[in-house]
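Visitor: Structure incoming, see below.
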Amino acid sequence: MQKNKTIVEILDDILKYEEQDLDLLVQLVEYIRPSGKEMKKGVLPRLDEFILYLKQGPKYRIALSEYIKRVLSERKISRFLIDSDIVYGTDFIYEIRKRLGYKFLPYQPEEGGIEYILNQLFYKTSDGKWVQAIPKDKGDDLIELLEMPDLSSLKPEDYIIKQILFALRVLSHRMIGHAFNTEVMRMVPEYENFGSPFIALQEWVDLYIEDVRNGVVSRSAEEENYKHLLVLLRQCYDYIEKAYKNRSKFGISQRIHQHLMTVERMLDRVNEILDFLVLYPETESEEKRQQTLFDMTQWMVMRHARNRQLGGYVIKSTQLIAQEITQHTGSKGEKYITHDRESFFKMLKTACGGGAVVGIACIIKLLLSKLDVSLFGQAFLYSANYALAFVTIYLLHLTLATKQPAMTAASLAATIKSDLDSKNKFIDIIKLSIRAFRSQFIAFVGNVIVAFPVALLLIALLSWYMGDNLAYKKADFLIYELDPIRSPAVFHAAIAGFFLFLSGLIAGQAANRSLYNRIPKRIEHHPFLKRFFSREQLKNLAAYYKRNIGGISSNLWFGIFMGTTGTIGVILGLPLDIRHIAFAAGNFGLSLFGNDFSISLSVFFWSLMGIGLIGLLNFLVSFGLSLILALQARGVAISKLRNILSGLTKEFFKQPLRFFWPIDLPETAEVKSETTKEK
């Protein structure tokens, strides 16, 4: 193919071209396609030049019109209308693999359909944007110049209308398969004793199509048949909405979400196709204006571009599950944001308790490190120690500071969404963010000020009892692990932050799966357990499981992550490990005792600095990832965070003490309902 042809050269070639292939049409689109800079400016200079040549040169206009009609002759569009940008399967991983494959080896459809033409002409991911940016008046002028048919003038027996009607019929039938899936029907028990709106829709679509074909009804939007069709579509949307609402009762799986998402997209597609079929009065609003062939062309190019997108599919597919996870963590996160001075000091108290447990775990880990075991044995023992410590903290209702960010992020995201809806310039989210930061700070303080002395006191007692300094051999290494300059402590703290985020996801997913699989009910009605427990005991056991499975799973897995990361790093030969602020404080106490309290002032300073940076990275990574997920789940643009950060910065310089001490909180819990309201 020749490069850099002028528009005149391309049009001259079309004048003498009698074939049916796409070569010259590809060259024409390549010529019109704007550059990156032109896209940013929103200008299409070569399109204007092309239209001008068509207006001034009738011979070009006639030749191009005949060429395009030859190319489009009898091209099937029904398959594109039915399938484009709709995923009918429920295998999420398969769809990801398929779309990734298209990035390297583009999909090639059959040559007999319209998708083949779109694939050849508009193969760039940006094509949908610039075609969509073409003004409607210019697009309609172009269609008129090329003497292409107007959708409003087509008869039921015309090829395009036949294809649209066939697509409507297929879509209405396909919906039933997804809507009547056993798992989907379980989500909407309200419809068990009523007729399904999808059956009614399918029957009415068939009736409407036959009436249009036989001339019994016109394609007017004023027809009662068409209006009834819209009512049935609305009822089908209500069905999906009810299924999503019921997820708080029954839980939801990725497979069900894929079914519901597919049905929703098919309903959207029926609405879009009807817009091309139905004739609207001229007095209708812009939203319901008469669609033209150019509108249909723009729609096809955009759908073709979306059909290959990976990011949009992943976000749409995972958004619902992200909502379920963050809904659970958000409800748990409420208790981690202090409302008043009483809850602020209660947080300090529970954090001190958590620090004491961590101090004990530091001693146990030191003793375990002295055992001569394999790498697997070491990873298993370390994981068991961490997991036992974290689960104990959870079950005793104590506080581990770094577990908070993943929980509080969901509450903050919910408030951001509320602020956007109310347009109050993020006042609520800024207030809540200050309270959340203050709660995080006091939890850090509680963990650190107790983990350090508890570890120091216990190692001193054990060493006195054993007659040997048990921390002597590990002292220098423990000091090195805290050094933010010489050691990868900051990097390891970021890894710990990621695992904190991941454990938060596990908490939400465990709670959702428990609900979806009806585990509490299965425990309550277990035939074997009924032989040993009373009905009331089984009911209490089921309630306990439902209440705690998320937290226990989260803490158990976080312990496993903490205990195995270093061992995996050794096996892979990579500098992998984790640093957690509470354990860093405990280990600092062990290193001081191991060195007989004889360390330089600079080492002491850098160790304290390292503990602080470890805590900061634990918080930032965990909180940042959790907040991004929570924002995505609520459909909030991440760019909105800039305004919030700007507002927080102003508040910090105005009154920095508010970020660390409850000077603006009431003495009693008279505002405990405030956070729930914000959420």
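Visitor: Would you kindly state how much longer the chain becomes between Asn214 and Arg531 on full extension, computed as 0.36 nm times their sequence separation minus their alpha carbon distance, in nm to one decimal? Don't skip to the end; give the middle numbers.
Guide: On the way: separation 317, 0.36 × 317 = 114.12 nm, distance 6.88 nm.
Contour length minus Cα-Cα distance gives 107.2 nm.
Visitor: Just in the range 106-169: which GluC sites (Glu not before Pro) are loop by DSSP and have at most 13 other Cβ atoms within 10 Å?
Guide: On the way: sites: Glu110, Glu111, Glu115, Glu144, Glu147, Glu157; in loops: Glu110, Glu111, Glu147, Glu157.
Those that pass, being in a loop and sparsely packed, are Glu110, Glu111, Glu147, Glu157.
Visitor: Looking at this model, which pairs from Lys37/Lys124; Lys37/Lys129; Lys59/Lys162 are more than 21 angstrom apart at the alpha-carbon? The partial results should precede the final answer.
Guide: Values: Lys37/Lys124 16 Å; Lys37/Lys129 14 Å; Lys59/Lys162 32 Å.
From the list (Lys37/Lys124; Lys37/Lys129; Lys59/Lys162), the Cα-Cα distance tops 21 Å for Lys59/Lys162.
Visitor: Simple spin-label model, 7 Å along Cα-to-Cβ: Ser369 to Phe605 in nm?
Guide: 2.6 nm
Visitor: Note down the nm distance, to one decimal, between modelled labels 7 Å out along Cα→Cβ at Lys129 and at Lys245.
Guide: Calculated label separation equals 3.8 nm.
Visitor: Fully extended, how many nm does the chain gain between Tyr545 and Ile199 (0.36 nm per residue separation, minus their Cα-Cα distance)? Could you put the intermediate results ahead of the total?
Guide: Numbers: separation 346, 0.36 × 346 = 124.56 nm, distance 3.99 nm.
Full extension from Tyr545 to Ile199 adds 120.6 nm.
Visitor: Along the Cα→Cβ direction, 7 angstrom out, place labels at Gln254 and Ser152. What is the inter-label distance in nm?
Guide: For the pair Gln254/Ser152, the computed spacing is 4.8 nm.
Visitor: Let me ask you something else. Would you mind checking the pairs Lys346/Lys431; Lys227/Lys249; Lys40/Lys650 and listing those with alpha carbons more than 26 angstrom apart?
Guide: On the way: Lys346/Lys431 20 Å; Lys227/Lys249 34 Å; Lys40/Lys650 33 Å.
In this structure, Lys227/Lys249; Lys40/Lys650 lie more than 26 Å apart at Cα.
Visitor: Turning to a different aspect of this structure: Just subtract the alpha-carbon distance of Leu396 and Gln20 from 0.36 nm times their residue separation and send over the number in nm, one decimal. Mind showing how you got there, number by number?
Guide: On the way: separation 376, 0.36 × 376 = 135.36 nm, distance 7.69 nm.
Length gained, Leu396 through Gln20: 127.7 nm.
Visitor: Now, a different point. Place a label point 7 angstrom from the Cα of Glu190 along the Cα-to-Cβ direction, then list the residues of the range 497-529 whose backbone nitrogen is under 20 Å away.
Guide: Taking a point 7 Å out along Cα→Cβ of Glu190, the residues of the range 497-529 whose backbone N falls under 20 Å are 516.
FYI, it's all coordinate maths here, none of it is from the lab. Everything numeric here is computed off the predicted structure, so don't read it as measured data. Using ideal geometry, Cβ is built from the backbone for each residue, glycine included, and neighbour counts are taken over all protein chains shown.
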